[in-house]
Structures are given as structure tokens and as C-alpha cells.
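We did not get these values from a lab; they are worked out from the coordinates using the rules stated. Given the structure is predicted, the values throughout are model-derived calculations rather than measurements. Note: ideal-geometry Cβ built from the backbone for every residue, glycine included; neighbour counts use all protein chains shown.
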Amino acid sequence: MTLYGFFFYLISAVVIGATAIAITRRNLVHAVVYLIVSYFGTAMLFYLFGAPLLAALEIIIYAGAIMVLFLFVVMMIRVESYEEVMFPLSQWLPAAIFGLIYMVAAVAMIIETPGTEISLRMLTATPRQFALYVFEHHWFSIEVISLLLLLALVGALHLGTRKGAAQGLSAHDADTRLEGGRSGGPDLDAP
Amino acid sequence: MIVPFGHVLLVAGILFALGVFCAVVRRNLIMIVLGIEIMLNAVSIVFAGAALRWNNLEGQTFVLFILAVAATEVSVGLAIIVYAFRRTGSFDPSKFNLLR
């Protein structure tokens, strides 16, 4: 086993361990932080697979923006008590059984398929080569993705406004309208 | 000469199974979305490994698209979760019975 093979197994163990711990945490912040560790490991795997730009993008976007967004939401919404019923046996036992059946089937398929014992070679796609390839063959998908991000922005803004807050009323009118229009749920800003 | 391709598939398969377990068993909306993110991560690993196996940059291109779509879906999904929390006051999906 070469050095890079050893790195692959070590990083895979870290990724799987961190993810397995993350999905069993009761505290949401702990789960998100363990998942950030898992994403760092995945970025290392991308670097081993010869995709340094993807490794950097994974850290920046996944661990740096998406998980931080989760942390914002978790810390903004103060949950006083842990109200989740964790792992009742009738729920996680069938899930675990079917997961084991899936793993047995997956291992059998991987062993039986003829192309899976070929060892990977060490190659690297520099960011320049990768960018030239993407913009030469998939420029239209990049445009569609930018449109998709605009959609996400508009959707998140619309879902985030409160009733009466975005209609340019005077302060007094906004207060009275908020008083009358508040629905039954608790307020986000309530102390 | 790193590892057999089957081992890459196995690692990603285990990660995917963990993601499905998290999305199915946890009764918290944020943990369900985290399970979806774990699944997307596992698929990204398979695509990057397959790009190395077949010496083709299409796999890495698709990982780029997966990253962008995951960012989009998380932002809109979390906006929906915050709105749902404002309406019902809980993250538990079994409490969302306003339609009944």
C-alpha cells in the first residue's frame, strides 16, 4: 500500500467516523460542527482524486457557507429544551436493517462488477485545465446555474419577509399591522 | 496507484447510507436537511473518483454543479424551515398538522 493509499484509508475513516457521530448528536450545533470535519475530509479526498479546485470550492462553499448558514439558523432560533424524541427503537431498527441489506447488496455488486478492482492512478487536473474544459463544453449549464442562484435569492428573500414589514408603511402603521397580523407561532425576536 | 475503484464506491456507499439514515430517523427538520447534504457529499465523492478512473473531466464538472445546486437547495430549504418554525413553533415534522 503506497503512501497515498494509506492517506485515502485514513481520510475515509475520518469522514465516515465524523459523519456517523454527527447524525447521532442531540445538540444541533455539535452535529453541524462534526459535519464540517467530514467536509474537510471530503475536500482532502478531492485533492487525492486530482481535483484541487474542487477541494478548495468544497471548503469555501460547503464547509464555509452552507454549514455556516445552518449555524446561523440554529443559533437564531433559540430552542429552550431538547424536544426531539431521539431514536425510538421502532423507528431506527427498520432503518438500520434496511441499511444493512443495502450495504450487503452494494458490497456484492462492487465485488461482482468487473471494473472495480482496477487501481486508480495519480493524476491532477489543474484549475486552468478544469476551467477551460468546463467553459468550453458546459458554458450553458453555468448560465443556468447562475439563474438558479438568482431564483434561490428571490425565494429566500420572499420567504423571509414578515407580514407588513416589506410594504413601506410608516412606523406606526407597521406596528399596528404587525400587532393585528401576527399568527399563532412564537416570534423569532421574542426575548 | 492509490486504491481500487471499488473501495471508493464502498466509502461513498457507506456515507450515502449514513445520510439516508439521518434523513429517515431523525425527527428534526434541520437534521433531515443535513442528511440530504450528506447524501450529496457522498455522490460528489463518487463523481470525483469516477473522473479519475476514466480519465475524464466530466465527473469533476458534475461535482461543480452538485455544489451549486446544494447551495441553492439549502438556502431555500432553510428559509422554508424558518417560516415553518414561525408558523408552528417547533422543528418536529410530526407537529406540522395544520392541514388536518
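Across the residues of A:145-156, average count of Cβ atoms on other protein chains within 10 Å?
Taking the mean over all residues of the peptide, I get 4.
Ranking A:Tyr39, A:Tyr9 by Cβ neighbours within 10 Å, fewest first, what do you get?
A:Tyr9, A:Tyr39
For B:Val11, B:Val69, what's the fewest-to-most ordering of other Cβ within 10 Å of each Cβ?
Fewest to most other Cβ atoms nearby, the residues stand as B:Val69, B:Val11.
Once fully extended, how much extra length lies between A:Glu112 and A:Phe72, figured as 0.36 nm per residue of separation less the alpha-carbon to alpha-carbon distance?
So the chain would gain 9.9 nm between A:Glu112 and A:Phe72.
Over chain B, what is the mean sequence separation of C-alpha contacts under 8 Å (at least six apart), divided by residue count, expressed as relative contact order in percent?
Answer for chain B is 27 percent.
For A:Phe6 and A:Phe98, compute 0.36 nm times the residue count separating them, minus their Cα-Cα distance, and round to one decimal in nm.
Full extension of this stretch gives 30.0 nm more.
Using a Förster distance of 30 angstrom, determine the FRET efficiency expected from the C-beta separation of A:Ala13 and B:Arg87, and round it to 0.05.
0.10
I need A:Ile111, A:Ile11 ordered by Cβ neighbour count within 10 Å, fewest first.
A:Ile111, A:Ile11
Using a simple spin-label model with points 7 Å from Cα along the Cα→Cβ vector, what separation in nm is obtained for A:Ala105 and A:Ala65?
The answer from the label model is 3.6 nm.
Taking every residue in B:92-99, how many Cβ atoms of other protein chains lie within 10 Å of its Cβ, on average?
The per-residue average across the peptide is 1.
Using a Gaussian network model of chain B whose springs link C-alpha atoms within less than 10 Å, name the residue from B:Ile38, B:Ile80, B:Ile30 with the highest mean-square fluctuation.
So, out of B:Ile38, B:Ile80, B:Ile30, the one fluctuating most is B:Ile80.
Calculate the FRET efficiency for A:Arg26 and A:Thr161 from the Cβ-Cβ distance with a Förster distance of 41 Å, rounded to the nearest 0.05.
The computed FRET efficiency comes out at 0.80.
Pairs of alpha-carbon atoms within less than 8 angstrom and 6+ residues apart define the contacts here; what relative contact order does segment A:1-79 have, in percent?
27 percent
If R0 is 41 Å, what FRET efficiency do you get for B:Trp54 and A:Val33 from their C-beta distance, rounded to 0.05?
0.70
Once you sort the root eigenvalues of the Cα gyration tensor of the protein assembly as shown as a ≥ b ≥ c, which label holds: rounded (a/c under 1.5), prolate (a/b larger than b/c) or oblate (the other case)?
oblate
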